[in-house]
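The values are calculated or read from the model by the stated rules, or taken from the named source; none is laboratory data. Note that the structure is predicted; figures quoted are calculated from it, not measured. Cβ: placed from backbone, ideal geometry, glycine included. Neighbour counts: every protein chain shown. Only protein heavy atoms, including side chains, enter the accessible area calculation; ligands, DNA and RNA are left aside. Shrake-Rupley method; radii C 1.70, N 1.55, O 1.52, S 1.80 Å.
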Amino acid sequence: MTQPTSLPAWAQLQSLAAAPQPHLRDVLPSDTGRAARMNLKAAGIELDASRQRVSPAIQQALNHLAEQAGVARQRDAMFKGEHINNTEDRPVLHVALRGDPLHTGPWGTAVQSDVQRELARICDFAEALRAGTVRGHAGDAITDVVNIGIGGSDLGPRMAADALAHLAHPGVRVHYVSNPDAWALWSVLRHLDAKRTLLIVSSKTFTTQETLTNAASAQRWLTDNGCPADALSRHLVAITASPAQAAKLGYPAERTFLFWDWVGGRYSVWSALGLPLAIAIGAEHFRLFLAGARAMDEHFRSTPLAQNLPVQMALHGLWNRNFLRLPTHLIVPYASRLGRFTPFVQQMDMESNGKHTHLDGTPATVDTGPIVWGGLGIDGQHAYFQLIHQGKHTVPVDFIGVQNEDTPLPLAATHHEVVNLNLRAQAEAMAFGRSLTDTQAALQKEGLSESEARAMAPHRSFDGNIPSHILWLDRLDPARLGALIALYEHKVFTQAAIWNINAYDQWGVELGKTMAKAMAKNAAA
Ligand code: F6P
């Protein structure tokens, strides 16, 4: 366990950060090899990192930091199933969930056979439901599935189902309810026929108050709408790492799909928790989704750190967070199907790396996870991008674009061009900005007098120098989506490895939960 500040590269990066650095508008035109040097590809994803405020010397020191922090050793420990989640004394093996079905990975045969057994079970169930052979109490085929879960038991499958909506089964709709506000559940149920509705209750612990409140209410809706109490199980599925808890609440074992305590909720979309997604897109596409993540895992495991896509994203993020002292990180996908990607990564990153202690429990001596925020870029352009361009915060950005699109609309190519041109223009505008002098000259060219232009120029100039990544997916399909999620997972892992924190517990969410439970108990007394 090495404290980051004791690594020689940390001190070197501090002195590099203290020295004046040229503006991106000066670096980008003059450093002609930069685009090629700072471009990495893996698993159908290309990273253009040329707009990071990282010189070759900084890049080299960052690579040394990753080496000195033992990122490769820590990565191998994760894949081997060592108990890297030290506060819960558990391995962290979401990577095993997307392992090669034919070859056991470093996690060993016991994990492999559990994973493959549950994967086969969810794939069979998803296919049966899609084929109309999963039936309700009156013999009707299920047409609507309601996933009830929150946090990691909601965000992953919901996000992925949106991203792959073009592959959704036309006759089976999958709905998601996370919020325990009654309206959230009612707004879904009021459109459904109870005879044809299946509830999936997704909860790793099966003790989450919000989920159990919604599940009990939805079951009551089923019985109130004609489902005999003794036939309820035909409309219920549980997905959990606590099967005993689910059984206690009446969920039958044959409709309970399992994952394990070594899968963090925010890393569980690859597990049985992916059942709602598998129902929507089919087992074959679900397996391609896993294969895409596996391709990114293989890249992460086998590529030298200096060419390793998740490691490089992590290092640039760390430079921005710890050395440029930028506390937030914006993620803006430009493909509308990725509309839920940012909230998904927000949980993954902030619940993992929002930590104030090192692994040994001593107070963190460095800044840890940034505030992750954002949403669809095009919409952001007409909302908060003003602050990015001219506000008093410098906000590093990940732009996410898709190169090839095949929406069956006659003018789809025009739409696609508009979207991607906007992405490129924003990345350029943020990097270059526009100096006062250039702004004044531009305004005079537009017809303003010299004094008018001088008065207006401060309002219309841009500091620029905003660091960004562009991630290009060659297309948005199950494999690329799997790879994209795995990329962010490994980025988060790498940052935690360097910060010497545990990315896989989440004690920070407990205090509020305990207080809510205590308040409920007091109110009932
Ligand atoms: O409160 C946070 C959290 O524990 C997340 O880590 C988790 O994804 C979510 O709640 C839901 O938990 P569960 O799947 O156990 O219902």
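If you take the square roots of the eigenvalues of the alpha-carbon gyration tensor of the range 276-418 and sort them as a ≥ b ≥ c, do you get rounded (a/c under 1.5), prolate (a/b over b/c) or oblate?
Numbers: a/c = 2.00, a/b = 1.27, b/c = 1.58.
Because a/c hits 1.5 or more and a/b fails to exceed b/c, the range 276-418 counts as oblate.
If I take every Cα pair under 8 Å that is 6 or more residues apart in the chain, average their sequence separation and divide by the length, what percent do I get for the relative contact order?
Here the relative contact order equals 21 percent.
Carbon and sulfur together cover what percent of the accessible area of the range 138-275 at a 1.4 Å probe radius?
53
Heads up, I need the accessible area for THR2: 1.4 angstrom probe, whole protein in place, Å², nearest 10.
Its accessible surface works out to 60 Å², give or take rounding.
Taking trypsin sites (Lys or Arg not before Pro) that fall in a DSSP loop and have at most 14 other Cβ atoms within 10 Å as cut points, what is the longest piece of the chain between them? Please report the intermediate quantities before stating the final value.
Details: sites that count: LYS80, ARG190, ARG325, LYS392.
So the longest stretch without any such site is 191-324.
How big is the convex hull of the Cα atoms of the range 100-287, per residue, in Å³?
Convex hull of Cα atoms, per residue: 110 Å³.
What does the charge count around GLY136 come to, taking other residues whose C-beta lies under 14 Å from its C-beta (Lys +1, Arg +1, Asp -1, Glu -1)?
+1
Between SER30 and SER302, 0.36 nm times their residue separation minus their Cα-Cα distance comes to what?
Taking 0.36 nm per residue and subtracting the Cα distance, the gain is 94.6 nm.
Rounded to the nearest 5, what % of DSSP beta bridges with both residues in the chain are antiparallel?
If I count the DSSP bridges inside the chain, around 25 percent turn out antiparallel.
Once the Cα atoms of helix 283-302 and of the chain are each reduced to a long axis, what angle between those two axes, in degrees from 0 to 90 to the nearest 10, is obtained?
So the inclination is approximately 40 degrees.
Could you please put TYR384, TYR176 in sequence from largest to smallest accessible area, using a 1.4 Å probe?
Sorted descending by solvent-accessible area, the residues read TYR384, TYR176.
Give me the tail of P(r) for the chain as a percent: Cα-Cα pairs with distance above 28 Å. Can you show the working numbers first?
Values: 79480 of 137550 pairs.
In whole percent, the share of Cα-Cα pairs in the chain beyond 28 Å is 58.
Heads up, I need the accessible area for LEU359: 1.4 angstrom probe, whole protein in place, Å², nearest 10.
In the full protein context, LEU359 sits at about 40 Å².
Please arrange ASP505, ASP406 by accessible surface area, largest first, computed with a 1.4 Å probe and ligands excluded.
ASP406, ASP505
Report the accessible area of THR109, computed with a 1.4 Å probe over the heavy atoms of all protein chains in place, in Å² rounded to the nearest 10.
110
So, counting K/R as plus one and D/E as minus one, what does the shell of residues with Cβ under 13 Å around GLY264 add up to?
Here the charged neighbours net out to -3.
Greater than 23 Å separation of Cα atoms is the criterion. Which listed pairs, LYS80/LYS248; LYS195/LYS248; LYS491/LYS517; LYS204/LYS248; LYS80/LYS491; LYS392/LYS445, meet it?
Checking Cα-Cα distances, LYS80/LYS248; LYS195/LYS248; LYS491/LYS517; LYS392/LYS445 exceed 23 Å.
Take the Cβ-Cβ distance between THR213 and ASP114 as r, set R0 to 25 Å, and report the resulting FRET efficiency rounded to the nearest 0.05. Spell out each step's value before the answer.
On the way: r = 30 Å, r/R0 = 1.22.
The calculated FRET efficiency here is 0.25.
So what's the angle, to the nearest 10 degrees on a 0 to 90 scale, between helix 109-130 and the longest Cα principal axis of the chain?
70
Put SER113, SER50 in order of accessible area, largest first, 1.4 Å probe: what do you get?
Listed by decreasing accessible area, they come as SER113, SER50.
In a shell of Cβ-Cβ distance under 13 Å around ILE470, excluding ILE470 itself, what net charge do Lys and Arg (+1) and Asp and Glu (-1) give?
-1
Kindly identify the range 142-231 as rounded, prolate or oblate by the Cα gyration tensor criterion: order the square roots of the eigenvalues as a ≥ b ≥ c, call it rounded if a/c is under 1.5, otherwise compare a/b with b/c, prolate if a/b is larger, else oblate.
Details: a/c = 1.88, a/b = 1.14, b/c = 1.65.
Cα axes put the range 142-231 in the oblate bin.
Can you tell me the 0 to 90 degree angle between the C-alpha axis of helix 341-353 and the longest principal axis of the chain, rounded to 10?
90
Considering the alpha-carbon set of the range 205-318 alone, what are its Rg and its Dmax in angstrom?
19.2, 62
Cα gyration tensor of the range 133-186, axes a ≥ b ≥ c as square roots of the eigenvalues: rounded (a/c below 1.5), prolate (a/b > b/c) or oblate?
oblate
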